[in-house]
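Participant: Below is a structure I'd like to ask you about.
The values are calculated or read from the model by the stated rules, or taken from the named source; none is laboratory data. All values derive from a computational prediction rather than experimental measurement. Positions of Cβ are generated from backbone atoms using ideal geometry, with glycine treated the same way; all protein chains shown enter the neighbour counts. The area values use the complete protein model at the heavy-atom level, side chains included, leaving out ligands, DNA and RNA. Shrake-Rupley method; radii C 1.70, N 1.55, O 1.52, S 1.80 Å.
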Amino acid sequence: MNIVVTGASKGIGKAIAEKFAVAGNHLFISSRSEKDLSELSKYIMRRNEGVSVSYFASDLSKKVGVTAFGNWLLKRHVNIDILVNNAGLFIPGNVYDEEEGTLEKMIEVNLYSAYHLTRMLLPSMMKIKNGHIFNICSIASLQAYNNGGAYSISKFALMGFSKNLREEMKPYNIKVTAVYPGAVYTSSWEGSGVNPGRILEVNDIAELVVATSKLSPQACVEDLVIRPQAGDMP
């Protein structure tokens, strides 16, 4: 299968790309860092014989960057089986005091990147009536929390996008799954003092996404909620 993963050079996106590669799929990945993408592609192909990894460095917070990546994919004329909209950004703060422009940044990365890329790729998927779209939302999509601010707003919006898209794609046999992880140990937590054993691992999310993609054609998991066993971070 052909798998597209955004925000793939680190964290959850990287883990998802690696997990799909182990299963023998071909990858088309993107993030802002060409160096990180190059290193990841070489690493994956070295460890997974017969798997190809193609990458395109682009800033998906900008529509021009999304368009460039989308056109790069479309020019390859491959049937996209799975699209993982994982590109995201977290800036902590409160609505009343966060820096001016924070909401715009959060919406651009966490919503617009998924919205515009999906719109570009849907026509070819709808034509063959096949595909699965994963939108990596957040527990912040389901419940507001302290210091969530614009991030939570943007993730609520991504949830709404996922639910609408799910209904629209039913006639085309295209599945849509929204993934709602709680706190996951990524580079953003390094130096914070949090115990890595207290929160989720990136492979937890990757395992869920890959397993969900393997269900029968008539089965669609609409929402995947995963929290740390000890509960959400206070």
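Participant: Can you find even one residue in the stretch 21-42 that is touching an Asp or Glu at 6+ places or on another chain (Cβ under 9 Å), on the phi < 0 side of the Ramachandran plot, touching a residue at least 60 places away in the same chain (Cβ under 8 Å) and not small (Gly, Ala, Ser)?
Facilitator: Looking for residues that are touching an Asp or Glu at 6+ places or on another chain (Cβ under 9 Å), on the phi < 0 side of the Ramachandran plot, touching a residue at least 60 places away in the same chain (Cβ under 8 Å) and not small (Gly, Ala, Ser), one finds none in the stretch 21-42, hence no.
Participant: Within the stretch 102-114, can you find the residues that are open to solvent by 40 Å² or more (accessible area, probe 1.4 Å) and either touching a Phe, Trp or Tyr at 6+ places or on another chain (Cβ under 6 Å) or of a type in the set (Lys, Arg) (or both)? Let's see the steps before the verdict.
Facilitator: The initial filter retains those residues of the stretch 102-114 that are open to solvent by 40 Å² or more (accessible area, probe 1.4 Å), namely 103-105, 108, 112.
Of everything in the stretch 102-114, just one residue is open to solvent by 40 Å² or more (accessible area, probe 1.4 Å) and either touching a Phe, Trp or Tyr at 6+ places or on another chain (Cβ under 6 Å) or of a type in the set (Lys, Arg) (or both), namely LYS105.
Participant: Could you go through the stretch 156-165 and let me know if any residue there is over 16 Å from GLY88 (Cα atoms) and part of a loop (DSSP other than H, G, I, E, B).
Facilitator: no
Participant: Do you know which of the residues in the stretch 112-142 that are in a helix (DSSP H, G or I) and among the hydroxyl-bearing types (Ser, Thr, Tyr) is farthest from THR212 (Cα to Cα)?
Facilitator: TYR112
Participant: Out of SER61, SER54, report the one residue that is among the small types (Gly, Ala, Ser), in a strand (DSSP E or B) and either more than 17 Å from GLU207 (Cα to Cα) or open to solvent by less than 10 Å² (accessible area, probe 1.4 Å) (or both). Break it down stepwise before answering.
Facilitator: Details: SER61 fails: in a strand (DSSP E or B).
It is SER54.
Participant: Here's something else I'd like to know. State whether one or more residues within the stretch 119-130 are of a type in the set (Val, Ile, Thr), open to solvent by 10 Å² or more (accessible area, probe 1.4 Å), over 17 Å from the mean Cα position of the chain (by Cα) and under 27 Å from HIS26 (Cβ atoms).
Facilitator: Within the stretch 119-130, the first condition is being of a type in the set (Val, Ile, Thr), and the residues that meet it are 128.
Remaining after also requiring open to solvent by 10 Å² or more (accessible area, probe 1.4 Å): 128.
From the residues that got through so far, the ones that are over 17 Å from the mean Cα position of the chain (by Cα) too are 128.
From what's left, under 27 Å from HIS26 (Cβ atoms): 128.
Yes, the stretch 119-130 contains a residue that is of a type in the set (Val, Ile, Thr), open to solvent by 10 Å² or more (accessible area, probe 1.4 Å), over 17 Å from the mean Cα position of the chain (by Cα) and under 27 Å from HIS26 (Cβ atoms).
Participant: Considering only the stretch 6-39, state which residues are open to solvent by less than 10 Å² (accessible area, probe 1.4 Å), part of a helix (DSSP H, G or I) and either farther than 21 Å from ALA114 by Cβ or out of contact with any Phe, Trp or Tyr (no Cβ under 6 Å at 6 or more places or on another chain) (or both).
Facilitator: Listed by number, the residues that qualify are GLY13, ALA15, ILE16, ALA17, PHE20, ALA21.
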